[in-house]
1. Quick one: how many residues across segment 92-119 are modelled with pLDDT under 95 and out of contact with any helix residue (DSSP H, G or I) (no Cβ under 9 Å at 6 or more places or on another chain)?
2. Going by what's in this entry, would ILE35 be described as β-branched (Val, Ile, Thr) and under 18 Å from ALA206 (Cβ atoms)?
3. Please determine, by comparing only the residues of segment 167-226 that are assigned to a helix (DSSP H, G or I) and modelled with pLDDT under 50, which one is farthest from GLU120 (Cα to Cα).
4. May I ask you to say which residue of SER22, SER2 is over 30 Å from GLU120 (Cα atoms), in a helix (DSSP H, G or I) and at pLDDT below 95?
5. Just the residues that are surrounded by 15 or more Cβ atoms within 10 Å (Cβ to Cβ) and part of a helix (DSSP H, G or I), please, taken from segment 62-79.
6. When you go through (1) in contact with a Pro (Cβ under 7 Å, 6 or more places away or on another chain); (2) surrounded by fewer than 20 Cβ atoms within 10 Å (Cβ to Cβ); (3) more than 19 Å from TYR248 (Cβ to Cβ) one by one for GLN90, which number turns out not to apply?
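The values are calculated or read from the model by the stated rules, or taken from the named source; none is laboratory data. As the structure is a prediction and not an experimental result, all values here were calculated from the model. Because the Cβ atoms are built from the backbone with ideal geometry, glycine has one as well, and the counts that use them run over all protein chains shown.
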Amino acid sequence: MSDTHSPHLAHHFDSPVQQFESGKLGMWIFLATEILLFGGLFCAYAVYRANHPEIFVYAHRYLDKTLGGINTAILIGSSFTMAWAVRAAQLGRQRALKVLLALTIACAFGFLGIKFVEYEHKWKEGLLWGKRYAPHAEGRAEPAADPAAAVAATPPAGVNAEEHTLIPPPARGPAGLAVSDHADERLHLEQEAPKNVQVFFSVYFAMTGLHGIHVIAGMALLGWILLRASRGEFGPDYFIPVDLAGLYWHLVDLIWIFLFPLLYLIH
């Protein structure tokens, strides 16, 4: 081995290539443990969703799809800026690297800000987990009622309301779910909330809360990378920390891409 070597090469590695490959392998092993962690939560989601579909279909309508969609777009954009930052580090473009890292962190702040708005809304309305679930009727928008039921309950013009015979509600299938004759088999719920709605919000806060912790950890990691980048530590000869931080951030984004449809777009 030569007496002169890169100042970034750790003493227990023979070459920068070996160091890079070892670091990449270690990061992939770490990411595998993260996948196992969230995999357990996804399994719990699947079990509760299979056993109590009416709860999930009912309660998901209290989530704001618009805010969830904006957050999805923000994280996808942050993945783009992060990948671009890795490329800038490989090419030695210091200014671009710093700007792209700062944009990625800004996207993370935006994501958490929107999530805070959602959490605050749920907290004020009592839509929480377990025994803390105590929904407040005042100021809380109820899920949209079945339009057909509303029409059926309205008497025709000139007919006394007391003499008006209501059309019976649509037939109900298993677990209180309505049976639809439309081609899309769209499900309708009874106006009254099913039992144990808190199960949905327990799953919601557990999965999104853990994901939020990972976002905060990613922000801290990227902040450390940005600090080092401002010192000019990264370039074509050494960009391992930027690359590995990018892998972690892509996993955080990928997990949310699964959470968004499962929690916000249930049918």
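1. Result for segment 92-119: 1.
2. yes
3. Looking at residues that are assigned to a helix (DSSP H, G or I) and modelled with pLDDT under 50, I get PRO174.
4. Details: SER2 fails: in a helix (DSSP H, G or I).
Checking each option against the conditions leaves just SER22.
5. Of everything in segment 62-79, those that are surrounded by 15 or more Cβ atoms within 10 Å (Cβ to Cβ) and part of a helix (DSSP H, G or I) turn out to be TYR62, LEU67, GLY68, ASN71, THR72, ILE74, LEU75, GLY77, SER78, SER79.
6. Exception for GLN90: condition (3).
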